[in-house]
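Asks: Would you mind keeping the following structure in view while I ask a few things?
The values are calculated or read from the model by the stated rules, or taken from the named source; none is laboratory data. Please read all numbers here as calculations on a predicted model, not as lab measurements. Don't worry about glycine lacking a Cβ; one is built from the backbone with ideal geometry, like all the others, and counts go over all protein chains shown. For accessibility, only protein heavy atoms count, side chains too; no ligands or nucleic acids. Shrake-Rupley method; radii C 1.70, N 1.55, O 1.52, S 1.80 Å.
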Amino acid sequence: VVAAVRVLEDDPSTNAGTGAATTSAGTLELDACVMDGASGGSGAVAALPPFRHPIDVARAVLRDGRYHLLCGEGAARFADAAGFAPADPSEMAVARDRGDAGDTVGAVALDRDGGLAAATSTGGLPGKLPGRVGDTPIVGAGTHATTRAACSCTGDGEAFARACAAFWATEHPGGVAEVAEAAVARVRDDFGGLGGLILVDHEGGFAVARSSAHLPHGSVVGDDPVRVGT
Ligand code: ASP
């Protein structure tokens, strides 16, 4: 999941890593989280100043093991100490002349040993106040993985966080397709937020659900061709 998210962070058309949305002050504050369902371990960064791959810093937080979330300057100091080089903000900021902020990126996976994992990375809401943190780096809100299922969310972060959307989706009994649809409907109807999520379970069931206009995604099983959707 980290490798998939890293590739998407490098894609300037997405709202993560290079090309991430800027704050109202014109700065980059990046959020990312990774969770390993088998161990229950997680690592996350919030309001991280420019580093090329926030998801790698999140994984370093997971591997370090002392904390689940580091934010702001403290996260940057941790990243420095872990050997990550700060990025040049001008190289990561992408001019967006169509008001198109791109999309948050995420990945969920079931490996051949039955392990589940989820990862999500974002620049957050375009024009957000500096210091605002959404659902993405919060375990159970925008990202969650257990031994049963793994989920990554995108959309109105305040609503997804209040709904504990990723936790709800991974814990709720039922087939992935119904659960994913129900989770997105719950965020919309009970918390007033639009967006979507990807969900995989321990049997390899995979679902995408959205209340937003689109949610470009791809899925792959073993060596089969990648299947894409909108
Ligand atoms: N959920 C993200 C946030 O609120 C934004 C998004 O997914 O577009 O920060």
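Rundown of residues vs (1) buried (at least 20 other Cβ atoms within 10 Å of the Cβ); (2) under 22 Å from V200 (Cβ atoms); (3) touching a helix residue (DSSP H, G or I) at 6+ places or on another chain (Cβ under 9 Å), yes/no style:
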site	(1), (2), (3)
L70	yes, no, yes
A82	no, no, yes
A87	no, no, no
V105	yes, yes, yes
G115	no, yes, no
T120	yes, yes, yes
G131	no, no, yes
P137	yes, yes, yes
A145	yes, yes, yes
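Asks: Which pairs turn up if I take residues in the range 198-210 that are at pLDDT 95 or above and look for partners that are of a type in the set (S, T, N, Q) with beta carbon separation below 7 Å, at least 6 apart in sequence or on another chain?
Replies: Within 7 Å, the pairs are I198/S152; H202/T147; F206/S219.
Asks: Sticking with this one: Scan the range 131-146 and report the pairs whose first residue is free of Cβ contacts under 8 Å to residues at least 60 places away in the same chain and whose second residue is buried (at least 20 other Cβ atoms within 10 Å of the Cβ) and charged (D, E, K, R), with Cβ atoms within less than 6 Å and a gap of 6+ or a chain change.
Replies: Correct list of pairs: A141/D135.
Asks: Among the residues in the range 152-174, are any under 10 Å from the mean Cα position of the chain (by Cα), within 9 Å of the ligand (Cβ to nearest atom) and either aliphatic (A, V, I, L, M) or in a strand (DSSP E or B) (or both)? Show your work before the answer.
Replies: To start, the set of residues in the range 152-174 that are under 10 Å from the mean Cα position of the chain (by Cα) comprises 152-154.
Within this subset, residues satisfying the condition of being within 9 Å of the ligand (Cβ to nearest atom) are 153-154.
Filter again for either aliphatic (A, V, I, L, M) or in a strand (DSSP E or B) (or both), leaving 153-154.
Within the range 152-174, one or more residues are under 10 Å from the mean Cα position of the chain (by Cα), within 9 Å of the ligand (Cβ to nearest atom) and either aliphatic (A, V, I, L, M) or in a strand (DSSP E or B) (or both).
Asks: Could you check the range 66-102 and list, in sequence order, the residues that are charged (D, E, K, R) and at pLDDT below 90? Don't jump to the end; show me each part of the working.
Replies: If we filter the range 66-102 for residues that are charged (D, E, K, R), which is where we start, we get 66, 73, 77, 80, 88, 91, 96-98, 100.
Scanning the range 66-102 gives D88, E91, R96, D97, R98, D100.
Asks: Being over 19 Å from L215 (Cα atoms), at pLDDT 95 or above and basic (K, R): is that true of R186 here?
Replies: Details: over 19 Å from L215 (Cα atoms): no; at pLDDT 95 or above: yes; basic (K, R): yes.
Criteria not met by R186.
Asks: Let me ask something else about it. Please indicate, with yes or no, whether at least one residue in the range 127-138 is within 30 Å of V221 (Cβ to Cβ), within 16 Å of the ligand (Cβ to nearest atom) and of a type in the set (G, A, S). Don't jump to the end; show me each part of the working.
Replies: First, the residues of the range 127-138 that are within 30 Å of V221 (Cβ to Cβ): 135-138.
Next cut, within 16 Å of the ligand (Cβ to nearest atom) only: 135-138.
Filter once more, keeping what is of a type in the set (G, A, S): none.
Scanning the range 127-138, I find no residue that is within 30 Å of V221 (Cβ to Cβ), within 16 Å of the ligand (Cβ to nearest atom) and of a type in the set (G, A, S), so the answer is no.
Asks: Next question, about the same structure. Can you pull out every residue in the range 180-217 that is of a type in the set (G, A, S) and open to solvent by 50 Å² or more (accessible area, probe 1.4 Å)? Even if it seems obvious, please write down each step before you answer.
Replies: Here is the first cut: in the range 180-217, the ones of a type in the set (G, A, S) are 180, 182-183, 185, 192-193, 195-196, 204-205, 207, 209, 211-213.
G192, A213 - these are the residues of the range 180-217 that are of a type in the set (G, A, S) and open to solvent by 50 Å² or more (accessible area, probe 1.4 Å).
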